[in-house]
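Contents: one structure, followed by commentary.
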Amino acid sequence: MKTEHIVGVGVPRKEGWDKVTGRVQYIDDMSLPNMLWGATVRSSIPRGRIKRITFDAGIPWDEFVIVSAKDIPGKNCVALIVDDQPCLVEAIVNHPEEPILLLAHRDQHILPKAVEAVAIDYEPLPAVFSIEESERQAAIIWGTDNIFKRYLIEQGDLEPVWAQADFVVEGEYTTEAQEQLYIENNGVIASFDRERGITLWGSLQCPYYVHKALMKLCDLPEHKVRVVQTETGGAFGGKEEYPSMIAGHAALLAMKSGHPVKIVYDRMEDMVATTKRHPSRTRHRTAVSREGKILGGEIEFVVDGGAYTTLTPVVLSRGTIHAGGPYYWPNIRIHAKAVATNAPPHGAFRGFGAPQSLFAMERHMDRIALTLGISALELRRRNFLKTGQTTTTGQVIRDPIDLDKLLDRALGLADYHRKKECFRAENASEGWKKGIGVAAFLHGAGFTGSGERTLGSVVGVEGCRDGGVRVLVSSTEFGQGTKTVLCQIAAETLGLSYEDADIAPADTQQVPNSGPTVASRTVMVVGKLVESAARGLDQTLIASGLLRAGHSREEFREACANYVAEHGALKSWAQYQAPPGIVWDDEKYRGEAYAAFAWAVYIAEVTVDLTSYSVSVDDFVALQEVGRVLHPVLARGQIAGGVAQGIGYALYEKVVWQQGRMQNAQMTNYIMPTSVDVPTIRVYFEQLGNDHGAFGAKGIGELPIDGPAPAIVNAIVDALGINFDSIPLLPENIFEAVARYAQTESQGGAAQGLR
Amino acid sequence: MTTSRLQCEVSLTVNGKSQTLLVYPMERLLDVLRQQLGLTGTKEGCGEGECGSCSVLMNGELVTSCLVPVLQAQGAQVVTIEGLALPSHLHPMQQAFLDCGGAQCGICTPGMIMAAYHLLTKKPRPTAREIKDGLAGNLCRCTGYAQICEAVAAAAAQGDRE
C-alpha cells in the first residue's frame, strides 16, 4: 500500500466548493412542479381544550387544502421514544405554538393571512411553567406525577461520610434554555403518489428517525417512505427530533392535496415552536476532607422537559452520568428526574444534558475550594479520575488518562499564574475587574449505555465502475465534516487517494441505517464501521484473485473496476458490535456508560466592565484529548464553534418566557455572539494514546459546549469575588449582585467594595 | 386573489447582466433574486437584517437584501455570490474560505464571503480588528469566526501578492 496519508491531513471539504460558490442546494432553494406551500395553525394558549374552530370570511378557503388530526391515516404521534406527542392536536393543547391545523396553497404570500384568519376558542386548563411548579404538582399535566423519567445512581455508602467530613459544601446551580440557532430554519418538501408512497426531502440530521415517524403517521410500509436529507445549514441537535414533526405535516398535506408541499419556517416560527436546550437545576451536597479530598456527595439533577417526552429521558441520562464530572467519588448518590411543563418540548442540543450538570459540577468545585481555602486547581488535582478508578456508574477507566498533565499544559498556555497575580494587583483601582477561570470536564462519545448495541448500526462501502469507492451511510453532513472524514477513512483504509472516495446521498433508498448523526458518534462509531466495511472490499478483491495484498492505489482501482464490470456490483457491509468489556445494565443503571470519553481543560480570561456590567472574554484556551485528530482544520472548527456557542450560553443567550411561550423569538432580541464578541479561541489537542474509533479517533462534536460556561463564570467570580450560580449571566444580573454585595458590605461596616 | 395585486417593472443589473422584471413594488430584493432569477446562493436566515446571510452588493455597498424593497434597486448594480467566481476557478476569497475552514454548514457562507469581499474593496489590508468589525453584521453559528477571519486575512495577503 502507498504511504501517503489522508487521515490527519486537512484535505478539502467534499462539498466545500459548492458551499463557497453558493451552488449547494438547501431545502428552500428547491422547488417541484405544481408545488404548494404549507403553513401551520398553532395554539395560542399553554394548556386547554379546543371548543371551536372557525374560519373567518375574507379568505378564499375553497382554494386551500386544510388538514386536521382527522386526516391522519395512521397513528397521530411523532414516533420517537414514547408516542405521547401528537402530530396535530385532537382536543387538548399542552403547550403554546402546538400544531392544530395545516393549510396549503399555491401562493406562499397568502398563507400568513389565512393562518391569522383561523379563530380557535379554548377552554383553558391550569398549566405549569417551571421545574418548581411542576414538582409542586400545581397541576398534573403529564402522567400521574408530571415526571417523565427518574434515574438513581448509588455507589458506596454515603451515610457515614457526613460525620467524617471536615466540610460539607452545598450549592444550587441553574441553567436556562438555549436556542440552537442554526442559520437555516427547519424546512421540508413532501410528495406523494399511490405507487411510490411518500418522498420527503429536508433539512435534518436523522433520515431514519423521520422514516420511522412517517411510516407510523401515514400508515405506510417501509418501502413506501423515502427520506432524503438535503444540504443542512446547521443543526446542533435542533434537527434531531423536530424534523419528524414538520415532515409529518408536509406529508399529510401532500397526501391530501395530491401535490408536493413545501414547508419552510421563518425565523420566528422556528424559534418559538421548535426545541431548545433543557433548562436545569442541580443541587450539590459534598463531603470534603480538610485536605481537599472528596469523601462523598449527593447530587440532585432536574431538567425541564417541556410538554412531551421527546428525547428527554436520554438527555437526562447523559446529564446524570456526567454530573460527577471528571472526578473520583468514593461514595455518591445522584437523583435525577425530568419534569413536564407547558412549554414546547425541550430537546437535543449539542452536549445533550452534560453542559447543564457539568456547569453545576465545575462551579461547585470552585465553591468547595473557596470554602476550604485551597486553590481551585489544587482541589481538582486531588480528585481527578485516574486510570483504574471508577466513574459514578462503576465504569472502570481503562484508558491512560492524565488530567494533571492536561491541566498543567492548559495553565501554561493560558499563562494562568502570572495573569492571576497581575489581575489581583490591577483590579484594586480600576473601573473594570479581570478574572481567570478553569473548567475540567469529560464527554462520553457515542450513544449512552446500551444505546449503540440497540441501534446496531450498519454501514456499507461499495466499489464503483471507475475503480473508486463510495461510502454508504445515513450519517449526515451539517457542517461538522461527516462527508469529508468518512471519505478520508475509506480512502486511507484502502490505500487510495482522497479523491477516489465519495459518499452516497443520505437517502433511505440508497443507504443503510448507520444510526442518527448525534452524540459525537459519527467519527468514532460510524467511522470505525466504514474502516471495517472498506477492509471487506479489499478482502473480496484479494479473494477473487484480482488484487494482491500490499497493492498500490492503481492496482486497487483496476481490480475494483474489473470486478464491478464483471459482477455488476461490489459492496461490503459492517455492523456495530460492542467492544469487549463494554457492558451496560439498563435495570441497575450501571456499567460502561460509554465506550470512550474525551477529556478537556478550558481556561477563560474575562474583563467585567463596572460601568456597563458587560463581560468580555479576552482569551480562551481550549485543550482537549479526543484521541487521534483525523482532520486538523475541521477538528479545530468544531472546537472553536462549540466554544463560541458556550460563550453565548454563558453570557448572551436568554430565552424570555411568558406562559410557556418564547417572547424574544427573533435574532434582534435573542442575542448570539458575533465576530466581535468572541476572542480568537485557542484550540489545542493532546494525544494520550487512548484510541478507540477509526484510526484512533474519539468523539469531538459535543465536548466543546460543556466547558466554556463554567470556565467563564468561574472567571467572573474570580474577578468580582461574588458567587454566581446561574446562566445566562447577563449584565443586569451582575449589576444586581454587585449592588447587593455593596449594600451588604456597607451595612456590615466594612465598605471595602469589591476585591 | 393573488392576480389582483398590481405589479410593475424594475430594471437592474445583476452580476453584470441587465434585467427587466415584473415585480410587486414591496417585494424583497432577496425574493426577486432567489425566485425570479434563480440566484439561490443568497440565503434567508432571519428576514430582519440581523444575520447577514442575504448580503449582496448594491452599487458597491453591502446590503441585507431581505430589507431592500426591489423598487429601491431600480437602476442598481447588484452583485451576488454567483457573480464572484469565474466558471473555471474560485475567487481568491472563496478559495481562502475553502482552505482555511471558513465554511462549515455553508448557509452563512455566501453572505459572509460578500461581506468579506466588500471589506477588502474598502480596506485591502485590514487589521485583525478591522476584519472582526467588518464581519460583525454576519452571524455564523458553526465556526466561532476564527477560521473565517483567517480566510479573510489570507485572501488579503493573496491580494497583496498579486
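Values quoted throughout were computed directly from the atomic coordinates according to the rules given, and no laboratory measurement underlies them. Because the structure is predicted, anything quoted here is derived from the model rather than measured. Glycine also receives a Cβ, built like all others from the backbone with ideal geometry; neighbour counts cover every protein chain displayed.
Observations on the structure shown:
- Near A:SER726, the amide H atoms lying under 5 Å from its own belong to A:THR174; only residues 5 or more places off or on other chains count, and H is placed 1.01 Å from N.
- Cross-link partners of B:LYS123 among lysines (Cα-Cα below 18 Å; sequence separation of 8 or more within a chain): B:LYS132
- About its Cα centre, the protein assembly as shown has a charge dipole of approximately 500 debye under the convention of +1 per Lys or Arg Cβ and -1 per Asp or Glu Cβ, with nothing else charged.
- Exercise: per-residue mean of other protein chain Cβ atoms within 10 Å, B:41-53: 6
- Trypsin sites (Lys or Arg not before Pro) restricted to DSSP loop in region A:241-333 with at most 12 other C-beta within 10 Å: A:ARG290
- Charges were assigned to the Cβ only: +1 to each Lys and Arg, -1 to each Asp and Glu. The resulting dipole of region B:2-83 about its Cα centre is roughly 180 debye.
- Considering only beta bridges that DSSP places wholly inside chain A, some 80 percent are antiparallel.
- Rg over Rh for region A:136-212 works out to 1.23, using Cα positions for both radii and the Kirkwood form for Rh.
- Translational diffusion coefficient (Stokes-Einstein; Kirkwood radius from C-alpha pairs) of region B:92-161 at 25 °C, 0.890 mPa s, in µm²/s: 213
- Once you reduce region A:525-573 and region A:367-397 to the center of their Cα atoms, the two points are 48 Å from each other.
- Here the simple spin-label model places points 7 Å from the Cα toward Cβ, and for A:GLU123 and A:MET268 these points are separated by 3.2 nm.
- Neighbour-count ranking [beta-carbon atoms within 10 angstrom, fewest first] of A:MET672, A:MET245: A:MET672, A:MET245
- For chain B, the longest principal axis of the Cα atoms and the long axis of helix B:109-122 meet at an angle of about 70 degrees.
- Value of [θ]222 nm, deg cm²/dmol, for chain A, DSSP H segments ≥ 4, -39500 (n - 2.57) each, nearest 500: -9000 deg cm²/dmol
- Within chain A, helices built from complete DSSP H runs that reach 20 Å or longer along their own axis (Cα positions) and carry a mean Kyte-Doolittle hydropathy of -1.0 or higher are A:242-257, A:354-372, A:527-543, A:632-651, A:731-747.
- Candidates per GluC sites (Glu not before Pro) in region A:233-322, loop by DSSP, up to 11 other Cβ within 10 Å: A:GLU291
- By average C-beta atoms within 10 angstrom, highest first, the peptides A:37-45, A:447-455, A:712-720: A:712-720, A:37-45, A:447-455
- Gain on full extension, evaluated as 0.36 nm per residue between A:ARG535 and A:GLU430 minus their Cα-Cα distance, stands at 31.4 nm.
- Evaluating kT/(6 pi eta Rh) at 37 °C and 0.692 mPa s, with the Kirkwood radius of region A:168-226 over Cα pairs in the Stokes-Einstein relation, gives 227 µm² s⁻¹.
- Shielding of A:9-20 by partner chains, average beta-carbon count, 10 Å: 6
- Highest average first, the peptides A:86-99, B:61-74 ordered by how many other beta carbon atoms sit within 10 Å of their residues are A:86-99, B:61-74.
- 20 Å binning of all Cα-Cα separations within the protein assembly as shown, expressed as whole percents from 0 upward: 14, 46, 34, 6, 0
- The alpha-carbon of A:LYS337 sits under 21 angstrom from the alpha-carbons of these lysines, leaving out residues fewer than 8 places away in its chain: A:LYS149, A:LYS276, A:LYS588.
- The Kirkwood radius of region A:2-76, taken over pairs of alpha-carbon atoms, gives through the Stokes-Einstein law at 10 °C and 1.306 mPa s a diffusion coefficient of 84 µm² s⁻¹.
- Comparing A:GLY296, A:PHE685, A:ALA376 along the charge dipole axis of chain A, the residue lying farthest to the positive side is A:GLY296, per the Cβ-charge model.
- Taking the average, over residues, of other Cβ atoms within 10 Å as the packing measure, peptides A:337-345, A:55-63 rank A:337-345, A:55-63 from highest down.
- Percent breakdown of C-alpha pair distances by 5 Å bin, ordered from the shortest bin, for region A:185-316: 2, 10, 17, 17, 14, 11, 7, 5, 5, 4, 4, 2, 2, 1, 0
- Calculated SAXS-style log₁₀ I(q)/I(0) at q = 0.12, 0.26 Å⁻¹ - region A:61-133, Debye, Cα scatterers: -0.45, -1.27
- Average other protein chain Cβ within 10 Å of Cβ, residues A:31-38: 0
- Spatially proximal aspartates and glutamates relative to A:LYS433 (Cα-Cα < 15 Å; intrachain offsets below 8 disregarded): A:GLU421, A:GLU605, A:ASP609, A:ASP618, A:ASP619, A:ASP718
- Distant-in-sequence amide contacts of A:PHE148, defined by a placed amide H-H separation under 5 Å and a gap of 5 or more residues or a different chain, comprise A:ALA338, A:VAL339, A:ALA340.
- Dipole of region B:2-83 [Lys/Arg +1, Asp/Glu -1 at C-beta], most positive-end residue of B:GLY16, B:ALA73, B:VAL63: B:GLY16
- Rg(Cα)/(2.2 N^0.38 Å) for region B:2-83, N = residue count: 1.01
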